[in-house]
Amino acid sequence: MAADPSSDPSDTPLPRWRRRKEARPQEIVDAALDVFAERGFAAARLEDVAARAGVSKGTLYLYFPNKEELFKAVVRSAILPNLEMAERLLAEFPGSSMEILERLLLGIAGKVMATRVGAIPKLMIAEAGNFPELARFYYETVIARAFRVIGAVLERGVARGEFRAMDVGHTVRLVVAPMLMVALWRTSFEPVAGGPLDAEGLMRTHIDHLRRALAPEGGAS
């Protein structure tokens, strides 16, 4: 049968095995995020990740020697770009500290908590005791870095007279607490709770409370 002259072979997507090798690590990482989100770390199998990525298990091992290193790559790919954006916002934004805090919290609600990435904090809470080395990696790579950013925003606000004096360490943990609640709710209780949690609405309410709680005496931030 003659080829259809109206068809353009360049319009046909290449099968995964014919794509550029440079794309394979990210495809594997994306597939791993799906598998980890669905099954947790302990139950996830590398053969399932390979199948979802459209590669052989041997090919997966060319890039990631074990499941722990693959999980670390998932965290670096899915979460660290958001932390880098937060650090740039803190360094460059000319507005008030409350505006920075609002942008950070709404950004987390929209980009992390409302997507499959939100499964990672819940996964770490559930499995940290069984995988202490991964818990240490996650704490040092994500939690401590995020705490430093939020703590720096609070200190900036105090120094500029926008926030009242406070225990910054404790306040940082109060600021992030609703995010953990959203992560746990979405992955554990949402299926039986009659509908999805409005993560953005919760964050906006949280921000309104923070605005009042952080305001200096006799004024609003």
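The values are calculated or read from the model by the stated rules, or taken from the named source; none is laboratory data. This one's a predicted model, so the numbers in the text were calculated from it and none came from an experiment. As a convention, Cβ positions derive from the backbone with ideal geometry for all residues, glycine included, and neighbour counts pool all protein chains shown. We work out accessible area using only protein heavy atoms, side chains counted, and drop any ligands, DNA or RNA first. Shrake-Rupley method; radii C 1.70, N 1.55, O 1.52, S 1.80 Å.
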Task: Residues satisfying the stated conditions in region 123-141, i.e. closer than 13 Å to residue 187 by Cβ and open to solvent by less than 60 Å² (accessible area, probe 1.4 Å) - done: 123, 124, 127
Open item on the list: Exactly one of these conditions fails for residue 110: (1) open to solvent by 20 Å² or more (accessible area, probe 1.4 Å); (2) more than 12 Å from the chain's Cα centre (by Cα); (3) more than 23 Å from residue 155 (Cβ to Cβ). Give me its number.
Closed with: (2)
Task: Of all residues in region 72-92 being aliphatic (A, V, I, L, M) and within 16 Å of residue 41 (Cα to Cα), the one that is surrounded by the most Cβ atoms within 10 Å (Cβ to Cβ) - done: 74
Task: Of the criteria (1) open to solvent by 40 Å² or more (accessible area, probe 1.4 Å); (2) part of a loop (DSSP other than H, G, I, E, B), which one residue 95 fails - done: (1)
TODO: Take the residues in region 151-168 that are open to solvent by 20 Å² or more (accessible area, probe 1.4 Å) and outside any helix (DSSP H, G or I), then tell me which one is farthest from residue 98 (Cα to Cα).
DONE: 167
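Could you list all residues from region 189-221 that are outside any helix (DSSP H, G or I), open to solvent by 70 Å² or more (accessible area, probe 1.4 Å) and more than 20 Å from residue 154 (Cβ to Cβ)?
194, 196, 198
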Task: Close pairs from region 139-159: first β-branched (Val, Ile, Thr), partner assigned to a helix (DSSP H, G or I) and open to solvent by less than 10 Å² (accessible area, probe 1.4 Å), Cβ under 7 Å, at least 6 apart - done: 141/75; 142/75; 150/172; 150/175; 153/97; 153/100; 153/101
Open item on the list: Residues to consider are 186, 148; find the one that is outside any loop (DSSP other than H, G, I, E, B), in contact with a Gly (Cβ under 8 Å, 6 or more places away or on another chain) and under 23 Å from residue 75 (Cα atoms).
Closed with: 186
TODO: Being surrounded by fewer than 17 Cβ atoms within 10 Å (Cβ to Cβ), in contact (Cβ under 8 Å) with a residue 24 or more places away in the chain and either under 23 Å from residue 128 (Cα atoms) or touching a strand residue (DSSP E or B) at 6+ places or on another chain (Cβ under 6 Å) (or both) is the filter here, so list the residues in region 45-71 that pass it.
DONE: 68
Open item on the list: Exactly one of these conditions fails for residue 48: (1) assigned to a helix (DSSP H, G or I); (2) within 23 Å of residue 141 (Cα to Cα). Give me its number.
Closed with: (2)
TODO: Would you mind stating whether residue 117 is open to solvent by less than 30 Å² (accessible area, probe 1.4 Å), assigned to a helix (DSSP H, G or I) and touching a residue at least 60 places away in the same chain (Cβ under 8 Å)?
DONE: yes
